[in-house]
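Remarks on the structure that follows.
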Amino acid sequence: MANAAEQLLAYPFGETLPATGAALEVAPGVRWVRMPLPFALDHINLWLLRDIADDGREGWAIVDCGIASDATRAAWELVFEHHLDGLPVLRVVVTHMHPDHIGNAHWLTERWNCRLWISATDWNAARIASQSTTGFGGESAAAFFGEHGLVDPVALDKVRARANYYASMVPEVPRRFRRLLDGQALRVGAHEWRCIVGYGHSPEHIALHCHALGVLISGDMVLPRISTNVSVIDIEPEANPLPLYLQSIAALLQLPADTLVLPSHGRPFRGLHERIGQLTRHHDERLADTVAACRARPCSAADLLPVLFKRPLDLHQTTFAMGEAIAHLHALAASGTLLGRLDMDGVRRFVAAD
Ligand SMILES: [Zn+2]
């Protein structure tokens, strides 16, 4: 299904991908950099925007950073050496707090003595996560997944063992930043980019739209092949992120249909409106599947994994999948379609309300 849907999108650069350490121009003054990731999702796209500092110095703004690893830093050094036209990096813009986006922000801002630009909420969340065990592993995450029916002791032990997971990819976050806000106009070189907030994937995700170039840097909010992770995590256990996500992408329908979308994963594409429609239908179908499963018998989030994800999942994917399943259950509980209850065995299960 993903492939059929993908064929409705246009990929102006075809199969061409920038090699690690290289950069490919995708619009005037906009270059595409691709960095490896050690996950099933094996790469992230980063962007270089031709920039001019307040004092008139010419250079580049970097959008997103890759995880903090020797391999990523070595690839960045190649980019600096060969693909910045001999100019410096003037600032680092980060769409959101996830490790593949902010991991190297500290290193980059120190390396170039420049400022990090990010939403205040994601800066705070990244600062806290890099110093603690919240959200991505540890005892609290294991207990949360346990309450949602993940009983496999091996999986839970692995979650517990990942207490340092975020910090391993984001060892430090810059202590100072400049705040990005929804609707803010960001002058980058010759062009103005408008910040567009998005909810449901990270606390306060910022996408960037340049009307003059017809380009949207979508971050993780709109991806061409995979759906954006929309998860409930242990630090906000009653969260209801799915409606927030769907409202956020619906707002992007106001952008022109022929916008060139630069996503964090996958290839640049045209077909923003088509893709938003696909993602909305995808979640509608998953919500319907969730209701059907809970009508047949009371279901925990873990019970829903084989219903919602029809492929084998590794641990990294299982934790994301659990978060997604809980997000769908919470959306349906909030709308009154499902009722949640904590059973005697300590597992939260959901049943149809009618
Ligand atoms: Zn993300």
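Out of all the residues in segment 146-165, which are within 21 Å of the chain's Cα centre (by Cα) and part of a helix (DSSP H, G or I)? Steps first, answer last, please.
Start the filter on segment 146-165 by keeping residues that are within 21 Å of the chain's Cα centre (by Cα), which leaves 159, 162-165.
Residues satisfying the conditions are V159, Y165.
Cβ-Cβ distance below 6 Å, separation of 6 or more or different chains: which pairs start in segment 212-229 with a residue that is within 12 Å of the ligand (Cβ to nearest atom) and end on one that is open to solvent by 10 Å² or more (accessible area, probe 1.4 Å) and modelled with pLDDT under 95?
N229/F320
Every residue in segment 166-183 that is small (G, A, S) and either in a strand (DSSP E or B) or at pLDDT 95 or above (or both), please.
Pass one, segment 166-183, residues small (G, A, S): 167-168, 183.
Passing the criteria: only G183.
I'd like to check something: does segment 229-239 contain any residue that is open to solvent by less than 50 Å² (accessible area, probe 1.4 Å), polar (S, T, N, Q), over 18 Å from Q7 (Cβ atoms) and out of contact with any strand residue (DSSP E or B) (no Cβ under 9 Å at 6 or more places or on another chain)?
Among the residues of segment 229-239, at least one is open to solvent by less than 50 Å² (accessible area, probe 1.4 Å), polar (S, T, N, Q), over 18 Å from Q7 (Cβ atoms) and out of contact with any strand residue (DSSP E or B) (no Cβ under 9 Å at 6 or more places or on another chain), which makes the answer yes.
Can you find even one residue in segment 334-348 that is out of contact with any strand residue (DSSP E or B) (no Cβ under 8 Å at 6 or more places or on another chain), free of Cβ contacts under 8 Å to residues at least 24 places away in the same chain and part of a helix (DSSP H, G or I)? Break it down into steps so the answer makes sense when it comes.
The first filter runs over segment 334-348 and keeps only residues out of contact with any strand residue (DSSP E or B) (no Cβ under 8 Å at 6 or more places or on another chain), leaving 334-336, 344-347.
If we keep only those that are free of Cβ contacts under 8 Å to residues at least 24 places away in the same chain as well, we get 335-336, 344-345.
With part of a helix (DSSP H, G or I) added as a condition, the list becomes none.
No, segment 334-348 contains no residue that is out of contact with any strand residue (DSSP E or B) (no Cβ under 8 Å at 6 or more places or on another chain), free of Cβ contacts under 8 Å to residues at least 24 places away in the same chain and part of a helix (DSSP H, G or I).
Mind telling me which of the residues I118, I62 ends up being free of Cβ contacts under 8 Å to residues at least 60 places away in the same chain, of a type in the set (V, I, T) and in contact with a Lys or Arg (Cβ under 8 Å, 6 or more places away or on another chain)?
I62 is the lone residue from the list that is free of Cβ contacts under 8 Å to residues at least 60 places away in the same chain, of a type in the set (V, I, T) and in contact with a Lys or Arg (Cβ under 8 Å, 6 or more places away or on another chain).
Yes/no per residue for (1) within 20 Å of the chain's Cα centre (by Cα); (2) touching a residue at least 24 places away in the same chain (Cβ under 8 Å):
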| position | (1), (2) |
| --- | --- |
| P243 | yes, yes |
| D289 | no, no |
| A296 | no, no |
| F309 | yes, no |
| Q317 | yes, yes |
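For L41, are the conditions met, namely being part of a strand (DSSP E or B) and either under 30 Å from P203 (Cα atoms) or open to solvent by 70 Å² or more (accessible area, probe 1.4 Å) (or both)? Steps first, please.
Details: part of a strand (DSSP E or B): no; either under 30 Å from P203 (Cα atoms) or open to solvent by 70 Å² or more (accessible area, probe 1.4 Å) (or both): yes.
No, not satisfied.
Mind checking which residues of segment 184-201 are part of a loop (DSSP other than H, G, I, E, B) and more than 15 Å from the ligand (Cβ to nearest atom)? First the steps, then the outcome.
If we filter segment 184-201 for residues that are part of a loop (DSSP other than H, G, I, E, B), which is where we start, we get 184, 189-190, 199-201.
Correct list: Q184, G189, A190.
Of a type outside the set (V, I, T), away from the ligand (no atom under 16 Å from the Cβ) and open to solvent by less than 20 Å² (accessible area, probe 1.4 Å): does that describe A105? Don't jump to the end; show me each part of the working.
Numbers: of a type outside the set (V, I, T): yes; away from the ligand (no atom under 16 Å from the Cβ): no; open to solvent by less than 20 Å² (accessible area, probe 1.4 Å): yes.
It is false that A105 is of a type outside the set (V, I, T), away from the ligand (no atom under 16 Å from the Cβ) and open to solvent by less than 20 Å² (accessible area, probe 1.4 Å).
Please go through segment 108-123 and give me each residue that is under 20 Å from the mean Cα position of the chain (by Cα) and either open to solvent by 40 Å² or more (accessible area, probe 1.4 Å) or within 14 Å of the ligand (Cβ to nearest atom) (or both), ordered by number.
Listed by number, the residues that qualify are I118, S119, T121, D122.
Please verify whether segment 22-36 includes one or more residues that are open to solvent by 20 Å² or more (accessible area, probe 1.4 Å), closer than 25 Å to V170 by Cβ and modelled with pLDDT under 95.
yes
Just one of the numbered conditions (1) assigned to a helix (DSSP H, G or I); (2) out of contact with any Pro (no Cβ under 8 Å at 6 or more places or on another chain); (3) crowded, with 19+ Cβ neighbours inside 10 Å is not true of A251; which one?
Of (1) assigned to a helix (DSSP H, G or I); (2) out of contact with any Pro (no Cβ under 8 Å at 6 or more places or on another chain); (3) crowded, with 19+ Cβ neighbours inside 10 Å, only one is false for A251: (3).
Which residue, of A163, A129, is modelled with pLDDT under 95 and within 25 Å of L181 (Cβ to Cβ)?
Details: A163 fails: within 25 Å of L181 (Cβ to Cβ).
Testing whether each residue is modelled with pLDDT under 95 and within 25 Å of L181 (Cβ to Cβ) leaves just A129.
Being in contact with a Lys or Arg (Cβ under 9 Å, 6 or more places away or on another chain) and open to solvent by 50 Å² or more (accessible area, probe 1.4 Å) narrows it down to one of A257, A161, so name that one. Give the steps one after another, and end with the answer.
Numbers: A161 fails: in contact with a Lys or Arg (Cβ under 9 Å, 6 or more places away or on another chain).
Just one listed residue meets the conditions, A257.
List every residue pair whose Cβ atoms lie under 8 Å apart, where the two residues are 6 or more positions apart in sequence or sit on different chains, the first residue falls within segment 246-272 and is small (G, A, S) and more than 16 Å from the ligand (Cβ to nearest atom), and the second residue, located anywhere, is modelled with pLDDT of 95 or more and not in a loop (DSSP other than H, G, I, E, B).
Qualifying pairs under 8 Å: A250/I276; A250/T280; A251/I196; A257/L272; A257/H273; G271/A10; G271/V261.
Any residue in segment 81-105 that's within 18 Å of R31 (Cα to Cα): show its pairings with residues that are open to solvent by 10 Å² or more (accessible area, probe 1.4 Å) and among the basic types (K, R) at Cβ separation under 7 Å, as long as the two are six or more apart or on different chains.
The qualifying pairs are H83/R31; L90/R57; R91/R115.
If I go through segment 296-314 residue by residue, how many of them are surrounded by 14 or more Cβ atoms within 10 Å (Cβ to Cβ) and assigned to a helix (DSSP H, G or I)? Reasoning before the result, please.
First, the residues of segment 296-314 that are surrounded by 14 or more Cβ atoms within 10 Å (Cβ to Cβ): 298-305, 307-309, 313.
From what's left, assigned to a helix (DSSP H, G or I): 301-305, 307-308.
Counting residues in segment 296-314 that are surrounded by 14 or more Cβ atoms within 10 Å (Cβ to Cβ) and assigned to a helix (DSSP H, G or I) gives 7.
The values are calculated or read from the model by the stated rules, or taken from the named source; none is laboratory data. Given the structure is predicted, the values throughout are model-derived calculations rather than measurements. In this analysis, Cβ positions are derived from the backbone assuming ideal geometry, glycine residues included, and neighbour counts consider all displayed protein chains. For the accessible areas, the whole protein counts, side chains as well, though only heavy atoms, and no ligand, DNA or RNA atoms are used. Shrake-Rupley method; radii C 1.70, N 1.55, O 1.52, S 1.80 Å.
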